[in-house]
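Visitor: First, the structure itself, so that you have it in front of you.
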Amino acid sequence: MNTFRIFAISGSLRSGSSNHNILKYLGSLLPANVAYTIYDELALIPPFDPGLDNETPPTSVAALRHLLTNADAVIICTPEYAFGVPGQLKNMLDWLVSSSSLVDKPVSLITASSSGQYAHPSLLLTLGALSANLVEGASLLIPFIRAKMDIEGNITDDDTIKSLKSVINNLLKTLKLATY
């Protein structure tokens, strides 16, 4: 049985955030032959500096690019901050422009926030500029996320659970994995 690697990135730096909890939930839906990693080093990515974007970029950037290159698919789950993309997530994506880390890579984008209506389309544009393969049916905007979770971070809204299962199923189909 082949092992597939899915690399998940939260746009929130807070470990107990709604976005981290969604990524944990998605990980629980995956078949045994999927190695699933939630990236926890976003805060270590330095501010983007084109002068440092060369054959030897900062160590944390080189490590991130390596992880992305070796992943079979990527899931990004992010909040919206001040009607935009969280700064650290956008900064990370800027470091990927000159690399081929996301070129043709199947990507799922979930924006879970109070609103999300501005960050979500902005991120879709950015991921398109990076030539990511935005998987049809694997993009989701979840407004009012806190009202759809309990205090432990469990998703309690049936429609949200159904939508997240659909997202992961569509991503798995892209990898030619059986879905449930």
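Visitor: Is it the case that some residue within region 36-49 is at pLDDT 95 or above, over 24 Å from ASN169 (Cβ atoms), surrounded by fewer than 17 Cβ atoms within 10 Å (Cβ to Cβ) and touching a Pro at 6+ places or on another chain (Cβ under 6 Å)?
Guide: yes
Visitor: Starting from residues that are touching a residue at least 60 places away in the same chain (Cβ under 8 Å), of a type outside the set (Gly, Ala, Ser) and more than 24 Å from ARG14 (Cβ to Cβ), keep the ones in region 50-77 and report whichever is surrounded by the most Cβ atoms within 10 Å (Cβ to Cβ).
Guide: ASP72
Visitor: A further question follows. Got at least one residue in region 81-90 being modelled with pLDDT of 95 or more, surrounded by fewer than 15 Cβ atoms within 10 Å (Cβ to Cβ) and part of a helix (DSSP H, G or I)?
Guide: yes
Visitor: Could you please find all residues in region 98-124 being more than 23 Å from PHE144 (Cα to Cα) and surrounded by fewer than 16 Cβ atoms within 10 Å (Cβ to Cβ)?
Guide: The answer is SER98, SER100, VAL103, ASP104.
Visitor: Could you list, ordered by first residue, the pairs with Cβ atoms under 6 Å in which the first is in region 128-154 and under 20 Å from LEU175 (Cα atoms) and modelled with pLDDT of 95 or more and the second is part of a helix (DSSP H, G or I) and small (Gly, Ala, Ser), at least 6 apart or interchain?
Guide: From region 128-154, the pairs are LEU140/SER163.
Visitor: How many of the residues making up region 171-180 are assigned to a loop (DSSP other than H, G, I, E, B) and within 15 Å of LEU26 (Cβ to Cβ)?
Guide: 4
Visitor: Can you name the residue in region 1-35 that is surrounded by 12 or more Cβ atoms within 10 Å (Cβ to Cβ) and of a type in the set (D, E, K, R) and is also nearest to ALA147 (Cα to Cα) among such residues?
Guide: Taking the candidates together, the pick is LYS24.
Visitor: Just wondering, is there one or more residues in region 71-85 that are in contact with a Phe, Trp or Tyr (Cβ under 6 Å, 6 or more places away or on another chain), of a type outside the set (Asp, Glu) and at positive phi?
Guide: Checking region 71-85: at least one residue is in contact with a Phe, Trp or Tyr (Cβ under 6 Å, 6 or more places away or on another chain), of a type outside the set (Asp, Glu) and at positive phi.
Visitor: Out of (1) under 23 Å from ALA138 (Cα atoms); (2) modelled with pLDDT of 95 or more, the odd one out for ASN33 is which?
Guide: Result: ASN33 passes all but (2).
Visitor: Still on this structure, I have one more. Taking into account only those residues within region 113-170 that are of a type in the set (S, T, N, Q) and part of a loop (DSSP other than H, G, I, E, B), which is farthest from the chain's Cα centre (by Cα)?
Guide: It comes out as THR156.
Visitor: Conditions: (1) at negative phi; (2) touching a Gly at 6+ places or on another chain (Cβ under 7 Å). THR160 meets all but one. Number of the miss?
Guide: Every listed condition holds for THR160 apart from (2).
The values are calculated or read from the model by the stated rules, or taken from the named source; none is laboratory data. This is a predicted model, so every value here is computed, not measured. Methodologically, a virtual Cβ is constructed for each residue, glycine included, from the backbone with ideal geometry; neighbour enumeration extends over all protein chains shown.
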